[in-house]
Amino acid sequence: MAHETILVLDFGSQYTQLIARRIREAGVYSEIVPYSLSWEEIKERHPKGIVLSGGPQSVFESDSPHPDPELYEFSGPLLGICYGMQLLTHHFGGVVAPSSCREYGRAPLQKMLKTPLLDGLPREIEVWMSHADRIEQVPEQFEVIAQSDSAPAAMQHSTKTIYGLQFHPEVVHTPLGKDILSNFLFPICGCQGDWSMESFVEETTKQIASQLGEDKAICGLSGGVDSTVAALLVHRAIGDRLTCIFVDNGLLRKNEFSSVLDTVREELNLNVVGVDAQQRFLDRLQGVEDPELKRRIIGEEFIRVFEEEATRLGEIDYLVQGTLYPDVIESIPVRGPSAVIKTHHNVGGLPENMSLDLVEPLRELFKDEVRRVAREMDVPEDLVHRQPFPGPGLAVRILGEVTQERLDTLREADEIVEQEIKAADLYASIWQSFAVLLPVRSVGVMGDGRTYENVIAIRAVHSLDGMTADWVQLPDELLRTVSNRIVNQVQGVNRVVYDITSKPPSTIEWE
Ligand code: XMP
């Protein structure tokens, strides 16, 4: 079923995904496309309205991104945000000027006119600004609808539904931003709001059923919410013609293999094969210290195990993957290609020579939408809120060689971190919290004796997407309890340290 769609043209802002998410939260399907998409391709998507995102560049730069000029003839509603407003101003003949300093942070605005975009909002509102260039004068056909201390902050075309906002309605620091976006979506674009997780489940199930017919599918489970929800949707469509495979690579957290298997089998009724491949992974990792080599070995071995299990199952036609929308949004060359810092082998990486067709039921969803679908499908809350866990698991949290003994040590320490974070009711609000086993030993004293043992580092970060992160200021008492418990209860550890670096310059994982 085709949904009402709002297109977000991406000019490279860090907030582009947030714009699309806010629109979807309001119940309208929104898609992000590169700013360079041709007018023909834009029209094919039948947008009810188009948003021009912000972006890091200045309209004055010779290589600044500009959309297909036919866009400005669009007869439907257009909303330019930040750089998007500057583009509109520049195109329609207003004056954009470089500011002497960046305007960044909260700013008060005065509403100047009665306007559908700001309908229902008070005369003065607080907004979030983040821009260098400013609008000196709006184009002739436009009128200023809100003003900040320093410049026009919002404008509208006098005869068409074209609007510009110098501030960011999509961020939480613009408290009434949601109302502004709703005004754009409903009265201005005329949307009805036909995007809900309930209808998503229903439509997706039907669509998978008709795509797969009588065919069989296979799905690699990782214990996380994405692969579980992808499997559940396919299971709802084709029942036990879907087989899930959950590989114990020996690098999972304590009791994770058995507890995930129990949940997916008994509570979610999925048809799952659990494969104990611990020794195979451990053998191949013997003597390996280089993080990228660890990743490559684990990725390769996973594919081998997966292929062997699939062969055992006989003829299979489809591979189910939990790919999410942020992975499929076309990357745009606004900032240039980013360097590979770490290769990420996700569990379920496609075994290429199996020639399976892909089913990716979550391709259109953001992570928070996957969580909503999970609730809709009665996935236990524990699993819905599970923190992300890297495919190579504890191997990238044991610095240096991975051995059975070091795995056991890290598992014990990691379990204590998890228990205490959960007991303090912080687990769901933290992006990731875990223990890391360092490749050094330190001197300590226990009783009357000298010890020379392992060091555990604790890492806890807040993040929105894993791309950037900040360390969490965990309460002193919590850190004290975790430290005491680890040195008292985990054999071979006599020191605990807390990692207080953000990403960048560090990364979340230590390897
Ligand atoms: P970094 O360490 O790059 O991590 O800051 C960002 C996010 O990615 C996860 N991560 C991985 N996930 N395979 C994965 O599936 C990997 O090799 C891998 N390395 C890091 C990490 O846990 C964090 O959420």
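Bridges between two residues of the chain, per DSSP, are antiparallel at a rate of about 50%. Within the range 58-137, the trypsin sites (Lys or Arg not before Pro) that combine a DSSP coil assignment with at most 14 other C-beta atoms in a 10 angstrom radius are Lys114, Arg123.
Working note: Cα gyration tensor of the range 160-212, eigenvalues times five, square-rooted, sorted largest first, giving semi-axes of 33, 14, 10 Å.
Evaluated with a Cβ-only charge set (Lys, Arg +1; Asp, Glu -1), the range 399-498 carries a dipole of roughly 260 debye about its Cα centre, given to the nearest 20. By the Kirkwood approach, averaging reciprocal distances over each pair of separate Cα atoms, the range 88-224 gets a hydrodynamic radius of 17.9 Å. Taking a Cβ cut-off of under 13 Å around Val127, the surrounding Lys, Arg, Asp and Glu residues balance to a net charge of -3, with basic ones at +1 and acidic ones at -1. Under Stokes-Einstein, with the Kirkwood radius over Cα pairs as Rh, the value for the chain at 37 °C and 0.692 mPa s is 129 µm²/s.
Gyration tensor over the Cα atoms of the range 197-384: the corresponding equivalent ellipsoid has semi-axes (square roots of 5 times the eigenvalues, largest first) of 26, 22, 17 Å. One decimal place: the segment Glu143-Arg480 gains 115.4 nm when fully extended, by the rule 0.36 nm per residue minus the C-alpha distance. Its Cα centre serving as origin, the range 446-511 has a Cβ charge dipole (Lys and Arg +1, Asp and Glu -1) of approximately 180 debye.
What is the distance in Å between the Cα centres of the range 256-312 and the range 451-501? Centre-to-centre distance over Cα atoms comes out at 27 Å. Restriction of the GluC sites (Glu not before Pro) in the range 187-224 to DSSP coil positions whose beta-carbon has at most 11 other beta-carbons within 10 angstrom yields Glu214. Modelled this way, with points 7 Å down the Cα-to-C-beta line, the labels at Glu307 and Glu136 are 6.4 nm from one another. Shown is the FRET efficiency for Asp63 and Ser210, computed with R0 = 60 Å from the Cβ-Cβ distance and rounded to the nearest 0.05: 0.85.
Annotation for the range 22-91 versus the range 384-407: alpha-carbon center distance of 42 Å.
If I take R0 = 22 Å and measure r between the Cβ atoms of Asp276 and Asp327 in this structure, what FRET efficiency does the formula 1/(1 + (r/R0)^6) give, to the nearest 0.05? Don't jump to the answer; show the numbers that get you there.
Details: r = 30 Å, r/R0 = 1.35.
It comes out at approximately 0.15.
Relative contact order for the chain: what percent, with Cα pairs under 8 Å and sequence separation of 6 or more?
Worked out over the chain, it gives 10 percent.
Rounded to the nearest 0.05, what FRET efficiency do Ser150 and Glu70 give with R0 = 22 Å and r taken as the Cβ-Cβ distance? Could you check? After rounding, the FRET efficiency stands at 0.10.
The Stokes-Einstein estimate for the range 399-498, based on a Kirkwood radius over Cα pairs and taken at 10 °C with 1.306 mPa s viscosity, is a diffusion coefficient of 112 µm²/s. When shorter helices are ignored and each DSSP H run of at least 4 residues is given -39500 (n - 2.57), the per-residue value for the chain at 222 nm works out to -9000 deg cm²/dmol. Taking 0.36 nm per residue of separation and subtracting the Cα-Cα distance, full extension of the segment from Leu293 to Asn255 would add 11.0 nm.
Here, each number is a calculation from the coordinates, and none is a lab measurement. In this text, all values refer to a predicted model and were calculated from it rather than measured experimentally. Ideal geometry is used to build each Cβ from the backbone, glycine not excepted, and the neighbour counts take in all protein chains shown.
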